[in-house]
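Presented below is the structure to which this report refers.
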């Protein structure tokens, strides 16, 4: 059943059962799985219908990273963007950059991605 139709106590239970951390490889795997399922999807093209449809199978991604889940379903978050975010996250976790530097790196990467878009 879709998480959107579960009673609040069951949603809280599912949230509490999530691991404290999820490594970058698992995040990439979850996103790749969702992207694959999106390519195979033959249901309604409506964004809300897709979110609801994929919320059951990809519940861990939805509950762990709801914005990422929704952006992948919508098609606005690409694999290269995800890899940039995850690489920056790894650098932050290793202490190579601080939080402010990580944020600046992501903003700079976003600016470059926007500049590279065809007009």
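The values are calculated or read from the model by the stated rules, or taken from the named source; none is laboratory data. Because the structure is predicted, anything quoted here is derived from the model rather than measured. Here the Cβ positions follow ideal geometry from the backbone for every residue, glycine too, while neighbour counts run over all protein chains shown.
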Within the stretch 85-103, does at least one residue satisfy the condition of being exposed (fewer than 15 other Cβ atoms within 10 Å of the Cβ), modelled with pLDDT under 95 and farther than 28 Å from residue 17 by Cα?
no
Given (1) surrounded by 11 or more Cβ atoms within 10 Å (Cβ to Cβ); (2) within 22 Å of residue 3 (Cβ to Cβ), where does residue 109 come up short, assuming only one miss?
(2)
Using beta carbons and a limit of 9 Å, which pairs, at least six apart or on different chains, have the first residue in the stretch 1-24 and closer than 26 Å to residue 89 by Cβ and the second one part of a loop (DSSP other than H, G, I, E, B)?
14/6; 22/65
